[in-house]
């Protein structure tokens with residue numbers, strides 16, 4: 001059951017910056033083909049923040065890595081689908097063409113700031129190398145650009161920091177430097193793979209605020225990969241919930257948080273501790289994410305689902321993503337009128353209203 | 001907690017920088033400090049420094065020609081007259097290296113490049129400019145002295161060249177080799193050459209063999225090992241078979257065969273090249289293991305993700321982080337190469353006759369004379385032993401410094 005592109009709706013909408021369609025990724029392993037990403041469709045519009053949420057191993061990082069084609073091949077291979085960036089299919093690019101996209105059009109920041117910087121080079125060297133490469137400037141000029149981008153991410157005394165080594169800095173600073181590095185070439189899309197997971201809460205807030213400010217200034221799109229719903233609620237415009245290789249629900253952040261439709265999403269929300277509510281135990285989703293080598297037949301969530309009630313449909317037919325209400329896609333047989341809903345590609349141009357007074361200007 | 005919340009991202013006072021614990025230096029620098037912090041490594045380095053200095057200044061330490069001589073009332077420098085382009089290059093390059101060393105502002109890479117560049121330029125210039133006389137007539141100044149024309153002469157501390165045979169200096173009833181005496185502190189060899197001078201001039205061969213053959217093997221090892229480690233899969237499979245093939249070649253017998261098969265091509269540089277070409281397998285294994293480990297590191301992924309070309313990812317981002325274990329194998333490799341050359345020379349298959357080598361002196365200890373000449377065994381043996389030991393001590397110290405289990409917590 002593949003969706004057929006609806007050309008009429010595409011004409012109405014502005015072009016998405018990045019459009020992933022039916023992406024299928026497989027890994028050749030000793031125990032056969034494992035498919036960590038199946039039929040993932042996702043659109044990201046300029047200036048938008050799209051959050052991809054899910055537990056460890058649900059395929060969110062693989063999706064992100066496959067956009068930049070960073071997955072080692074073999075063992076990984078693309079089984080189908082397309083990743084269109086500004087109209088061009090990145091999957092058809094040669095390695096040399098990809099090198100021009102990486103860092104310049106699409107930049108990425110990683111989860112672990114402590115190990116993402118090369119210990120043998122100074123900060124300035126590392127940022128300048130990519131700048132020299134992509135912006136075709138001299139080393140001296142690249143260092144000035146590096147200095148400016150360090151200033152942009154709120155690092156004091158950037159001129160001196162350029163000459164320092166990564167080990168001389170704290171985790172929060174290193175993540176700022178990673179962001180500065182990613183931003184130094186003014187990418188149109190920033191993929192942030194759990195950018196705050198390794199940081200403590202106060203630094204986390206600073207980093208996310210920084211990303212929001214830079215997004216407002218430059219209008220770049222952000223693909224935010226996280227498992228933290230609090231981060232999603234504060235930063236995302238559109239949310240895609242992934243479970244066991246598929247997107248199970250996607251909607252605007254307000255819609256998703258107000259009306260979660262998929263039992264998995266609902267379970268996720270129930271397992272957030274709430275302020276002011278006393279309960280003996282925090283509610284959890286029973287069971288664990290199924291092993292990608294042995295996904296259950298039918299709905300992949302049925303082994304842990306509280307809505308199934310022995311429905312044979314759930315154990316036999318896998319529900320695919322449908323537009324269950326305008327602007328809200330979900331994949332569950334038990335969502336109202338699921339069978340009658342149209343199968344359309346998720347395309348949400350939504351941008352949240354930002355309370356501009358809440359966030360100050362970036363320090364110059 | 002409240003303090004944490006308001007802490008600016010940064011404390012940048014110079015005082016704060018000085019308080020950094022010792023472990024937070026760049027990694028290679030830390031390894032280096034850990035290495036030279038060990039007494040054994042210090043001993044090794046001191047010995048190698050002595051050998052290097054002796055090798056560089058060999059013609060000024062042991063030379064049959066006077067440094068300054070007054071002949072028929074005119075001052076001249078016979079030593080400088082006979083100096084070779086290699087001597088001048090060595091001295092000039094080491095002078096530049098020593099002069100550059102104290103400058104902290106100059107980066108390590110810049111230092112290395114400028115030293116290598118000046119070495120090339122100086123060697124070309126000296127080859128063009130300096131033409132020492134082909135024939136070295138060692139007896140000339142001795143004859144002049146006998147005739148009384150040599151009014152004043154200042155000699156090097158050891159007034160004998162390594163290939164000065166001193167044929168006419170002793171009578172037939174007192175033949176060479178002679179045991180150590182006041183004239184010849186380490187005796188003479190069967191040809192009548194001074195052993196101490198021989199030892200001093202042989203330092204060059206030993207150092208050159210060690211460094212050149214190890215550089216060749218490192219170069220091959222890094223390239224092949226790097227490609228194996230980075231690409232893994234079939235490249236690795238193929239490379240490892242190549243490593244096994246070369247690893248199964250007995251270097252010693254290959255060298256003996258080569259020398260036996262091509263006696264006309266016998267040259268020390270050929271021997272260095274063969275040692276290098278055969279012994280890269282260890283380096284390749286080290287580099288492969290490091291690259292396999294490093295290629296999945298976050299900073300390598302980040303380098304790829306920022307669009308850097310493969311060349312930069314491999315050699316700028318992975319290689320410097322893989323260098324430290326290579327240093328261990330390099331220092332053992334130098335020791336091995338020195339030993340190999342000495343063995344070859346001992347067997348009479350090494351460097352061409354007439355050039356100075358420690359192994360060649362050893363041959364003479366049990367040579368044609370019949371009886372054992374202890375001074376021809378002890379001194380060169382000691383030189384080989386100490387040099388190989390020094391390199392092994394340094395290699396050992398680097399290995400210990402690299403081992404996190406052995407590193408002191410501070």
Going through region A:87-112 one residue at a time, which ones are under 25 Å from residue A:139 (Cα atoms) and assigned to a loop (DSSP other than H, G, I, E, B)?
A:103, A:104, A:105
Any chance residue B:210 is more than 25 Å from residue B:381 (Cα to Cα), at pLDDT 85 or above and not in a loop (DSSP other than H, G, I, E, B):
no
Pull up region A:122-168, narrow it to residues that are at the interface with chain B (Cβ under 8 Å from one of its Cβ atoms) and assigned to a loop (DSSP other than H, G, I, E, B), then point me to the one that is farthest from the chain's Cα centre (by Cα).
A:157
List the pairs whose first member sits in region A:27-46 and is at positive phi, whose second member is at pLDDT 85 or above and surrounded by fewer than 21 Cβ atoms within 10 Å (Cβ to Cβ), and whose Cβ atoms are under 6 Å apart, counting only residues at least 6 apart or on separate chains?
A:39/A:22
Residue that is surrounded by the most Cβ atoms within 10 Å (Cβ to Cβ), among those in region A:96-121 that are at pLDDT 85 or above and out of contact with any helix residue (DSSP H, G or I) (no Cβ under 6 Å at 6 or more places or on another chain)
A:106
Selection within region A:195-209 - at pLDDT below 85 and either closer than 22 Å to residue A:241 by Cβ or assigned to a helix (DSSP H, G or I) (or both)
A:195, A:196, A:197, A:201, A:202, A:203, A:204, A:205, A:206, A:207
For region A:81-130, enumerate the residues that are closer than 14 Å to residue A:190 by Cα and touching a strand residue (DSSP E or B) at 6+ places or on another chain (Cβ under 6 Å).
A:85, A:106, A:107, A:108, A:109, A:110, A:111
Residues located in region B:381-410, provided they are crowded, with 20+ Cβ neighbours inside 10 Å and either at pLDDT below 90 or within 17 Å of residue B:37 (Cβ to Cβ) (or both):
B:390, B:393, B:394, B:395, B:397, B:398, B:401
Yes or no: region B:142-154 includes at least one residue that is under 30 Å from the mean Cα position of the chain (by Cα) and modelled with pLDDT of 75 or more.
no
If I go through region B:228-239 residue by residue, how many of them are without any contact (Cβ under 8 Å) to a residue 40 or more places away in the chain and under 30 Å from the mean Cα position of the chain (by Cα)?
0
Could you check residue B:142 against (1) in contact with a strand residue (DSSP E or B) (Cβ under 8 Å, 6 or more places away or on another chain); (2) in a helix (DSSP H, G or I) and say which number it fails?
(1)
Quickly run through region A:226-265 and pick out the residues that are in a helix (DSSP H, G or I) and touching a strand residue (DSSP E or B) at 6+ places or on another chain (Cβ under 6 Å).
A:232, A:235, A:253, A:255, A:256, A:264, A:265
If you go through A:116, A:56, A:61, the only one that is within 30 Å of residue A:213 (Cβ to Cβ) and outside any loop (DSSP other than H, G, I, E, B) is A:61
Quick one: which residue in A:268, A:282 is under 20 Å from residue A:334 (Cβ atoms) and either out of contact with any helix residue (DSSP H, G or I) (no Cβ under 7 Å at 6 or more places or on another chain) or not in a loop (DSSP other than H, G, I, E, B) (or both)?
A:268
Filtering region B:284-297 down to residues that are over 16 Å from residue A:116 (Cα atoms) and surrounded by fewer than 18 Cβ atoms within 10 Å (Cβ to Cβ), which residue is farthest from the other protein chains (Cβ to nearest Cβ)?
B:289
Being at pLDDT below 85 and buried (at least 18 other Cβ atoms within 10 Å of the Cβ) is the filter here, so list the residues in region A:72-89 that pass it.
A:76
With the structure loaded, tell me whether residue A:327 is on the phi > 0 side of the Ramachandran plot, at pLDDT 80 or above and under 25 Å from the mean Cα position of the chain (by Cα) or whether it fails that test.
yes
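The values are calculated or read from the model by the stated rules, or taken from the named source; none is laboratory data. Every value quoted in this text rests on a predicted model; they were computed, and no experiment measured them. As a convention, Cβ positions derive from the backbone with ideal geometry for all residues, glycine included, and neighbour counts pool all protein chains shown.
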